[in-house]
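Heads up: the structure comes next, in structure tokens.
The values are calculated or read from the model by the stated rules, or taken from the named source; none is laboratory data. Just so you know, these numbers come straight off a predicted model, no measurement behind them. Note: ideal-geometry Cβ built from the backbone for every residue, glycine included; neighbour counts use all protein chains shown. When the accessible area is computed, the model is the full protein with side chains, heavy atoms only, and any ligands, DNA or RNA have been set aside. Shrake-Rupley method; radii C 1.70, N 1.55, O 1.52, S 1.80 Å.
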Amino acid sequence: MNRLFWKIFIWFLVAMFLVGGTLVLSVASSRIDTADIRFRSVADRVVRLEAEHAARVFEQGGPAELQKYLAEMSDASPARSALFSSDGKNVLGRESTPVLMPLIFRASRTYETQFETDHQARVLAQRTYGPSGKSYVFYTEIDPLPFGPFHSGLRELLLRLTAIVIVGVVVCLWLAHYITSPVLRLQSAVREIAAGKLNARVGATLGRRRDEIAALGHDFDHMAEHLESLINVQRRLLQAISHELRSPLARMNVAVGLGRQRSGNELQSSWDRIQKESDRLNEMISQILTLARLESESDIAARSTVELSMLLQEIVADADFEARSMERSVIVVLAEPLLVNANAGLLRSAIENVLRNAIRYTDRGSQVEVSLLADTVGGQTIAIIHVADHGPGVPEPDLVNVFRPFYRVADSRERETGGVGLGLAITDHAVRMHGGVVCARNSPSGGLIVELRLPAISQPAALLHKLSSQNSARIG
């Protein structure tokens, strides 16, 4: 979302600079024109006086006095001057530059001051008369000011431009923040709802805004409130139904026991089938209640420091015992000693659900392989649990859905294996409540790999070695 902020900021800044640049160029052009007009007006009066004085000095004092006067003028101002006769000859006998001749002759035919400007200097030529009435052309070349017509106000102009830029940047930053901040809060609320925090709202953070973004935020709050109400009703309904089913199930189990005692051996298979379905229904109710409890809790109580590799070894041993009866096995390939801050019972349930799912689908006679590795992301130690089976895997489009409650990839297959689509959903909620994530992917060699990532506690190597030794002794 910061990209939106910087995009808006840059566009505001570019627009401000375009408008400001156009204004500055307009003002600069106007100032140049004004400065040029002012220069011509002043120069016209000054050069007339200087021309008359130069002609008077030459006729009254001769070339030497004229040369002295022109030298004093050159020392007093950035100008170089000369006096020409009406036929274009320098009265001091110096050789004239050919390029000046057109200007000199043009000035000799009019009393108007003649101007020429190039990138080097401003050149002026003025016809004048000496005391004797003889006609002359006074020529002067004025070097440009170091910074052009803005030299006198350059410092002031730079200060103004700097102030405009600073104010413009501040205003653009404020506008970009004003536009994007509610969008960022809306994004944060969406993520909170996606993470299960259904009471997330943005209306209180919008202040007194009355624009379309504020209207979007209030509409979002209405949607979130309605969504929270629907989901809470659904959860309460599931909990109520699950609790109400417990009593009939208990009575049915008692009835099955009495029926076994009073009936003959020919009905034992029927009673076994009834008992199996009753146990399955009871397990499903327990999972529904567990899932409802996890969804209603925002934090985990009774956390403690748990040595994850030790807990994993215990869970794998129990899962392997169950798998043996199904002609399958569960092994630990690698288990690095790692400490996590977790609720041991809830974490055990999350891992057990993944292992039971893997045992259910792995091929008969194959192994479910479990590993525990450590990784570091941004300075945080991460515990990674891999559970890999050798079953048929899951179609790629269904990989993101296997952790949804009651989601089943294939109804017929789930009915054969006894799954109801709640185990992995419980795992997902439990892992996320511990600050971790769980994902699934297909193995290139076949089968499904479920990965659980949990934040771990960094501990000195000596302590981990001690815990590892205790773990090895316990297994032995």
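Assorted remarks:
- Leading residue by the ranking (farthest from VAL409 (Cα to Cα)) among those in the stretch 333-384 that are part of a loop (DSSP other than H, G, I, E, B) and charged (D, E, K, R): GLU336
- Filtered residues of the stretch 1-59 (kept if open to solvent by less than 50 Å² (accessible area, probe 1.4 Å), within 23 Å of SER77 (Cβ to Cβ) and modelled with pLDDT under 75): ALA35, ASP36, ALA43, ASP44
- Here HIS243 meets each of (1) modelled with pLDDT of 75 or more; (2) open to solvent by 60 Å² or more (accessible area, probe 1.4 Å); (3) not polar (S, T, N, Q) with one exception, condition (1).
- VAL171 being over 27 Å from MET433 (Cβ atoms), assigned to a helix (DSSP H, G or I), open to solvent by less than 50 Å² (accessible area, probe 1.4 Å) and at pLDDT 80 or above: no
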